[in-house]
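One structure is given here, and the rest of the page talks about it.
The values are calculated or read from the model by the stated rules, or taken from the named source; none is laboratory data. On a predicted model such as this, the values are computed, not experimentally measured, just so you know. Cβ sites come from the backbone with ideal geometry, for glycine too, and all protein chains shown count toward neighbours.
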Amino acid sequence: MDGYALRHVPSIGSTSATLMQDALNGAAGPVWLVADEQVDGKGRRGRFWHSPKGNLYASLLLIDPAPAEHVAQLSFVLALALRDAVSQIAEAQGVTGLQIEVKWPNDLMINGKKCAGLLLEGGMKGQSRFVVIGMGVNLSFHPDQSNHPASDFAALGLNTSTAHFFAFLSDAVAQRISQWEGGRNFAQIRADWLAHAYKMGEVMRINANAESYEARLEGVDPTGGLIVDHMGRQRIVTAGEIFNL
């Protein structure tokens, strides 16, 4: 994790909200902020993210990581890094039989259940663009009720702590960001992501732009948009969520 600063706090409102404010105040990056618990964690579309002690809550601040048109690709970069870290720990512990997948646009799925989520936020400070990527990883607990069936690492036989998992994760993130090259090598990131994509080729429910419809997942385009087949017609989904039927 050379070149990446790290701050740790026992409790915080939101790691991402704190780093967003830090960036607006002129903070440099890259910097990680890790908390043992969040009391005001947020998921996609402003949903409350349950954040009890025992799971990992971490956000990463990047300054000018890529041209504006490539910034959204960080969802794929960080999702792959999450998968890398889990795969490495599973291999080290001899845990087999885990289907570790990435779900468009920002979830980590293990054996068909959500175990981690990502959220990208950003803004401008002067002439510089900043991005904050927040991650919540279910190490020891998972919500009983959520939009997607959930699980946690402990329930799946993975024995890890927040510090142990973060060591693997932070290294994987640095490696994947380096591989990405600010968007210049998204083709390789995209290929790796598609090799582990959840439900690719299957029919799912798409919720996007006030629409809800069933479509077959066909792939990801060079910009990161989800390619779907809806009633024989190709569509590109740039923002939204997908759900099992």
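Looking across segment 12-32, the residues that are more than 9 Å from Leu61 (Cα to Cα), among the small types (Gly, Ala, Ser) and either crowded, with 21+ Cβ neighbours inside 10 Å or touching a Lys or Arg at 6+ places or on another chain (Cβ under 8 Å) (or both) come down to Ser14, Ala17, Gly26. Listed by first and then second residue, the pairs with beta-carbon distance under 9 Å, at least 6 apart or on different chains, first residue in segment 148-170 and more than 14 Å from Ala90 (Cβ to Cβ), second of a type in the set (Lys, Arg) and part of a helix (DSSP H, G or I), form an empty list.
Taken over segment 135-190, the criterion of being in a helix (DSSP H, G or I) and among the β-branched types (Val, Ile, Thr) is satisfied by Thr162, Val173, Ile177, Ile189.
Screening Gly122, Gly117 for residues that are in a strand (DSSP E or B), modelled with pLDDT of 95 or more and either surrounded by fewer than 20 Cβ atoms within 10 Å (Cβ to Cβ) or not charged (D, E, K, R) (or both) leaves exactly one candidate, Gly122.
I need the full set of residues from segment 76-88 which are over 15 Å from Gln179 (Cβ atoms) and surrounded by 20 or more Cβ atoms within 10 Å (Cβ to Cβ), in order please. It would help to see each step written out before you state the result.
Step one: of segment 76-88, the residues over 15 Å from Gln179 (Cβ atoms) are 86-88.
The one that is over 15 Å from Gln179 (Cβ atoms) and surrounded by 20 or more Cβ atoms within 10 Å (Cβ to Cβ): Val86.
Within segment 78-114, the set of residues being in a loop (DSSP other than H, G, I, E, B), more than 9 Å from the chain's Cα centre (by Cα) and within 21 Å of Ala239 (Cβ to Cβ) comprises just one member, Trp104. Applying a threshold of 6 Å to beta carbon distances and a minimum spacing of six or more residues, or different chains, the list of pairs starting in segment 73-95 at a residue that is within 12 Å of Asn159 (Cα to Cα) and ending at one that is buried (at least 20 other Cβ atoms within 10 Å of the Cβ) reads Ile89/Thr160. When Thr162, Thr238 are screened for being of a type in the set (Ser, Thr, Tyr), over 26 Å from Ala85 (Cβ atoms) and surrounded by 13 or more Cβ atoms within 10 Å (Cβ to Cβ), only Thr238 passes.
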